[in-house]
Amino acid sequence: MILVQSSFGFGQVGGTAVVVHPRYLFASLEPSDYESYRFRNRVRAQEAYKVMSEMMTTNSLVRIKDGPPYSAELEFAVLMNPMARATFDPKTRSYSYAADLDKNVPFDTANAKTVASALAPATSAIGVGVDQGKGLLSAD
């Protein structure tokens, strides 16, 4: 499918969709590319069938979690460290964090001064709306 956006000039955007039948799409491929696609598609289908059959026979179609993938001791280190990564355990088929995760999270304070100055109240009251005495709107 090809999607083309067009503008009507007043902020509205329309779209045009071109839908191509798979037979025409696959007919446009080189025979070697098509055979490569068919082989990869067959492998994916067999893997999906194997996993789906296993889930149906073990009645584990939906795995309900009862807790986060980290322990209570690692909660702060995991949530405050943007570089913390979970690893997949194929035996239990679940993700978890390593127990030796660095618990000393470095805080980045590079932008603290900029944010503090932007949020600080203005020291002068000169500007739009000040019309008391000899302000900006006074003719004196």
Region 96-127, residues that are charged (D, E, K, R) and modelled with pLDDT of 80 or more
Lys113
Being over 19 Å from Pro90 (Cβ atoms) and among the charged types (D, E, K, R) is the filter here, so list the residues in region 51-67 that pass it.
Asp66
Residue by residue through region 18-71, note down the ones that are loosely packed, with under 10 Cβ neighbours inside 10 Å, of a type in the set (Asp, Glu) and over 31 Å from the mean Cα position of the chain (by Cα).
Glu30
Given Gly9, Gly15, which one is loosely packed, with under 10 Cβ neighbours inside 10 Å, at positive phi and modelled with pLDDT under 95?
Gly9
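The values are calculated or read from the model by the stated rules, or taken from the named source; none is laboratory data. All of these numbers come straight from a predicted model, not from anything done at the bench. Cβ sites come from the backbone with ideal geometry, for glycine too, and all protein chains shown count toward neighbours.
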